Amino acid sequence: MKNKIKIYSLFILLIVLGYSCEDGVNSFEDTPTNGWIEFTNAQTTTGQTSSSITVPLAVNVPVYSNGLNISYNIVGVEGDYTNFVASSSGSTFADPTADNRSANIEVNLMNMEVGRDFVTSFDIVLTSVDVDGVNIGVDENSVTAHRVTIPCSNPEIVSNDYFVGDYVIVDVSGVIGPGNGTENFASGTVTLIVDPTNPNKRIFSVGALPAFNGEIETVTIEFSTDNVVLLGNVDPTLSCGGGVPYIFSNAGIGNSSPWDICNDQFITIVYSEDPNGSCGGPFLSSFSLTKL
């Protein structure tokens, strides 16, 4: 009888120990002061001239009444991030009174107003939390590093080798030319040169509505300080009637395509076709330039 009692007692003890081990696996759930910290997303691209970047953190801790100090390091990925970030480490505080269960890492950026024709990137890597039981991440799927990319920044005056040379021009969209079996701008190779009166403008020659017009037009595009590319007026000396000239002009800042000082291989120029309404316009049209 005593042996049966001993065996039964041992069986109960094993069950209790088994539950205790299982509880240990889920300690974050069962202990409200335990948990983990991670980023809510894996990457951010700053604005061209942003003075700071805010990176949100997820605080997966039920109770942290005294707050959490979360430390991080900055690790370079591409370029020299020290041109833009003063410190390679830092910390942030998770405020227990915040009701959104989150915290933010704020990184101040410097020298962002200077034009630059290169990309810089760095990782913000979480390193530690100052409360026992709170970890950095919970498993291999946790986002414990966040990549920040600082893009190129367009200068006020572009270099004299930007969008210069031979390019293939092709209509992307158009109304009058394609609607009549031809093109708005004759496809082929054009040679862009710097406008001697404005370093931000490029000039090239091309046919406009070639099926109806034998003229070769001088076309100007401008890389504006509003970060869009604008078409100068083009007059093919044509009209659909009433003496109102059919022309091409810029589409305005809100409709025009952006330009990027880091890329002179391809661009789409959006313009206003027939803004005077000679042939039923205006129409938003476009052509592309691809570097040879």
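Readers should treat all values here as calculations from the given coordinates under stated rules, not as data from a laboratory. In this text, all values refer to a predicted model and were calculated from it rather than measured experimentally. Positions of Cβ are generated from backbone atoms using ideal geometry, with glycine treated the same way; all protein chains shown enter the neighbour counts.
What the table below lists for this structure:
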quantity: Theoretical FRET efficiency, 1/(1+(r/R0)^6), r = Cβ-Cβ of Asn198 and Asn83, R0 41 Å, to 0.05; calculated: 0.85
quantity: log₁₀ of I(q)/I(0) at q = 0.14, 0.17, 0.25 Å⁻¹ - the range 129-202, Debye sum with one point per alpha carbon; calculated: -0.72, -0.88, -1.09
quantity: Correct choice for Cα extents along the principal axes in Å that was computed from the model, options [x] 116, 44, 36; [y] 55, 45, 40; [z] 62, 59, 41; calculated: [x]
quantity: Label-point gap, in nm, between Val143 and Ser205 - each point 7 angstrom along Cα→Cβ; calculated: 5.4
quantity: FRET efficiency estimate (nearest 0.05) - Cβ-Cβ, Cys152 to Asp130, R0 45 angstrom; calculated: 0.70
quantity: Per-residue HN-Hα couplings for the range 208-217 [Karplus 6.51, -1.76, 1.60; θ = phi - 60°; Hz; x = Gly/Pro]; calculated: 10, 6, x, 6, 10, 9, x, 6, 9, 9
quantity: Neighbour-count ranking [beta-carbon atoms within 10 angstrom, fewest first] of Tyr72, Tyr271, Tyr64; calculated: Tyr64, Tyr72, Tyr271
quantity: Extension gain, Asn255 back to Thr49 (0.36 nm per residue minus Cα-Cα distance, nm); calculated: 72.0 nm
quantity: Cα-based helix-to-principal-axis angle, 2-25 vs the chain, degrees rounded to 10; calculated: 30
quantity: Value at 222 nm in deg cm²/dmol, rounded to 500, when DSSP H runs of n ≥ 4 in the chain each add -39,500 (n - 2.57); calculated: -3500 deg cm²/dmol
quantity: Extension reserve of the Ser71-Asn41 stretch, reckoned as 0.36 nm per residue once the Cα distance is removed; calculated: 9.0 nm
quantity: DSSP beta bridge pairing in the chain, given as percent antiparallel to the nearest 5; calculated: 90
quantity: Computed lengthening from Ser91 to Asn180, 0.36 nm per intervening residue step minus Cα-Cα distance; calculated: 25.6 nm
